[in-house]
1. If I filter the range 177-198 for residues that are over 28 Å from residue 311 (Cβ atoms) and at pLDDT 90 or above, do I get at least one hit?
2. What are the pairs with Cβ atoms under 9 angstrom where one residue, in the range 238-255, is of a type in the set (Lys, Arg) and the other, located anywhere, is buried (at least 19 other Cβ atoms within 10 Å of the Cβ) and in a loop (DSSP other than H, G, I, E, B)? Sequence gap at least six, or different chains.
3. Just to check your reading of the model, which residue among 121, 117 is part of a loop (DSSP other than H, G, I, E, B), surrounded by fewer than 22 Cβ atoms within 10 Å (Cβ to Cβ) and touching a residue at least 24 places away in the same chain (Cβ under 8 Å)?
4. Confirm whether residue 38 is among the aliphatic types (A, V, I, L, M) and on the phi < 0 side of the Ramachandran plot.
5. From the residues in the range 310-321 that are surrounded by 14 or more Cβ atoms within 10 Å (Cβ to Cβ) and within 19 Å of the chain's Cα centre (by Cα), which one is nearest to residue 251 (Cα to Cα)?
6. Are there any pairs, at least 6 apart or on different chains, whose C-beta atoms fall under 6 Å, with the first in the range 152-173 and within 19 Å of residue 244 (Cα to Cα) and the second small (Gly, Ala, Ser) and not in a helix (DSSP H, G or I), and if so, which?
7. Could you pull out the residue among 163, 138, 182, 158 that is among the small types (Gly, Ala, Ser) and either assigned to a loop (DSSP other than H, G, I, E, B) or farther than 26 Å from residue 19 by Cα (or both)?
8. Can you pull out the residues in the range 273-301 that are in a loop (DSSP other than H, G, I, E, B) and touching a residue at least 40 places away in the same chain (Cβ under 8 Å)?
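The values are calculated or read from the model by the stated rules, or taken from the named source; none is laboratory data. Source: prediction; values computed, not measured. Note: ideal-geometry Cβ built from the backbone for every residue, glycine included; neighbour counts use all protein chains shown.
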Amino acid sequence: MNGKTILVTGGAGFIGSHLVRLLVNKYPDAHILNLDALTYAGNLANLKDIEDAPNYTFLKGRIEDPEFLKKVFEEYEVDGVIHLAAESHVDRSITDPMAFLRTNIIGTVELLNAAKDAWGDRQDVRFYHVSTDEVYGSLGETGLFTETTAYDPRSPYSASKASSDHFVRAYHHTYGLPVVISNCSNNYGPFQFPEKLIPLFINNIRHERNLPVYGDGKNTRDWLWVGDHADAIDLIFRKGKNGETYNIGGENEWKNIDLIYLVCDQMDAALGREAGSSRNLITFVRDRPGHDRRYAIDAAKLTNELNWRPKLQFPEGLERTIKWYLENSDWLEAVTSGAYLQYYEKQYQQKTS
């Protein structure tokens, strides 16, 4: 990484901000570029602690803009891309699938084109595409997703990510572009936008609002601490094999309803409320269209080849997450109101004027 210029797309988002912070602090001799459009889920407050680091540069722009990308690659002489920028919320993809097509498919292809044109035949570079386990579809009661599991996306979101995965592989096979891909299970931790399950329910419990649970609540997901995911991305980017895919999982399956019970109970303890009171807020609602029943990752390849395993156990990670949201209620209020968008847009304009 020494002397390298690494472009992280979506670096002001949830996973991206954890990764950018890790890279900036771990590799002081690398130049970390953070390219983000600062949409509703991108927030520069997530990176307040490293915004003045000498090896960090923020760039506001969209990955769908080829002229902008061309200038970035030329001006900064980019040596590597870690691509996280994406629309990622399944419910939003159901109501507005075209936004997911534009960002997740067209944006990825524009980024691939910019890298291909800038790098030519260079092999000392790497394009790393960060994807999701949702591209594999739905599992039954048993079994795990492996890197050879056939794709079977069930939502507009997962279909857009599956398409972008295929384009990345196609650019590797057609043009010789050095690429790696990872497919990860559900992440949790600080700075996650509160449309996702864990921060949404933390916020609703704070305000004693209903906790909407889809269907019977028995849909199952594998959960991974976001810091463990950032470590895995760093490792794969440096040591993964070109053309390969790596699954990243938490070895941590939970039925939604059991997870929600745990969130309720930990919140009651953290807020000093009567034990079991938050469970009374649970409300079962009509299931989401195309709601996959179960995801579960087999990360044996990543463990065997690169010696990675998740470090943080889930009950402790959830406790840390709850503590962070309760101690950062100003951040939570700002992102739920949208006020931070105007504030940081003004701050960005002042810095660049």
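1. Yes - at least one qualifying residue is present in the range 177-198.
2. 255/219
3. Only one candidate qualifies: 121.
4. no
5. 310
6. 161/131; 165/131; 172/243
7. Step by step, each of 163, 138, 182, 158 is checked, and only 138 is among the small types (Gly, Ala, Ser) and either assigned to a loop (DSSP other than H, G, I, E, B) or farther than 26 Å from residue 19 by Cα (or both).
8. 286, 287, 288, 289, 290, 291, 292, 293, 295, 296, 298, 299
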